Every structure is written in C-alpha cells, then in structure tokens.
Amino acid sequence: MAKVKANTRSDDFFKSVWEVVRLIPYGRVTSYGAIAKCLGTGASARTVGWAMNASHHSPESIPAHRVVNRLGMLTGKHHFKEPDAMQRALEKEGINVVDDKVVEFDRLFWDPSKEIQI
DNA sequence: ATGCTGACGTCGC
DNA sequence: CGCGACGCCAGCA
C-alpha cells in the first residue's frame, strides 16, 4: 500500500521525456542525451530511447522522428511504423536527411535545457 | 525472481 | 588514433 513511491518516479521519467519531445519546435531536432541530461540523468540516455518506444503506447502524439542520436543519425527509424516514416517526416519539415543522417544537425539541434530552464 | 536486451553516451585502454 | 566496456532505466523471457 505504501509502496507507490517507486511507481510514481518511473512514470514521471517517461512523462517528462514525452513532454520535452513535444516541446521540440517545427523543423528542429534533438538528441537522446540532451533530453536525458535535461531531466538530470545524463547517463540514462538509453532510457530516453526506451521512452520513445513507449510513446507508441502513449495516447499523446510524440514526434519521435525529431529525436536522433548525438551523431544526428536516425537510429530509431527502424522502430517506426515504416522505416521511411522518420526520414520522410524530417524532410517534410525541411530537414534534409542523407545516408540516415541529419544534414546541418549541429545547426538544427535544439537544446531542451536551454528552453525549459528547470 | 533473475537476467538480458535495447532507438545512447562517456570514459578508458 | 581505434575499439571496447560500462552505466543508466524499463520491459520482457
């Protein structure tokens, strides 16, 4: 009965990730590590990616296609409904993707901690 | 219940 | 300079 504490924490982590991802402006991209670090767990970048996977199970629309690894590579494209959906969504927003990598990633990179300012 | 894997990132050798 | 291993959290076998 009094063990609801751990349950709240894990749920909050996923929820925070989705919230940050939803805050990504149109035509911008970010990295898993940036989100993880923004949440205070820079070493848990892996879990951020897992949160993206859970985004499919979430009733909210999470633009996971705007989240790529630190190299700007579309590592998660294979997890989408269609492998081309991710690259297609990015190109639709004006982001050029070549060889599964975001062009000008450094310029399109959006820092969550810079906007959220916890 | 325990262990492994997984859409990453950083450090070490 | 190149490659490997570890750490983190959660879901699944």
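Bear in mind that the values in this text are calculations on the coordinates, not laboratory data. Owing to the predicted nature of the structure, the values given are computational and were not obtained by experimental measurement. Methodologically, a virtual Cβ is constructed for each residue, glycine included, from the backbone with ideal geometry; neighbour enumeration extends over all protein chains shown.
Select from A:VAL67, A:VAL103, A:VAL29 the residue whose mean-square fluctuation is largest in a Gaussian network model of chain A (Cα-Cα springs shorter than 10 Å).
Most flexible of the set in this elastic network: A:VAL103.
Could you please rank A:LYS114, A:LYS15, placing first whichever residue has the fewest other Cβ atoms within 10 Å of its Cβ?
The most exposed by this proxy come first: A:LYS114, A:LYS15.
Step through the residues of the stretch A:71-78 one at a time and calculate ³J(HN,Hα) from phi using the Karplus curve (6.51 cos²θ - 1.76 cosθ + 1.60, θ = phi - 60°), rounding each to whole Hz and writing x for Gly and Pro.
7, x, 8, 7, 5, x, 4, 5
Would you please state which residues of the stretch A:33-70 a label at A:GLU91 would reach in this model, taking the label point 7 Å out along Cα→Cβ and a backbone N cut-off of under 18 Å?
Within reach of a label on A:GLU91: A:65-67.
Could you derive backbone 3J(HN,Hα) for the stretch A:97-108 from the dihedral phi with the Karplus parameters 6.51, -1.76 and 1.60 (θ = phi - 60°), listing whole Hz in sequence and x where the residue is Gly or Pro?
10, 10, 6, 6, 10, 7, 6, 6, 4, 4, 7, 8
With a 10 Å Cβ neighbour count serving as the proxy for reagent exposure, in which order, fewest first, do A:MET86, A:MET73 appear?
A:MET73, A:MET86
What nm value, rounded to one decimal, do you get for the distance between A:ARG70 and A:ASP84 when each label is placed 7 Å out toward the C-beta?
For A:ARG70 paired with A:ASP84, the spin-label model returns 3.3 nm.
When you count, for each residue, the other Cβ atoms within 10 Å and take the mean per peptide, how do A:51-59, A:16-24 rank with the highest first?
A:16-24, A:51-59
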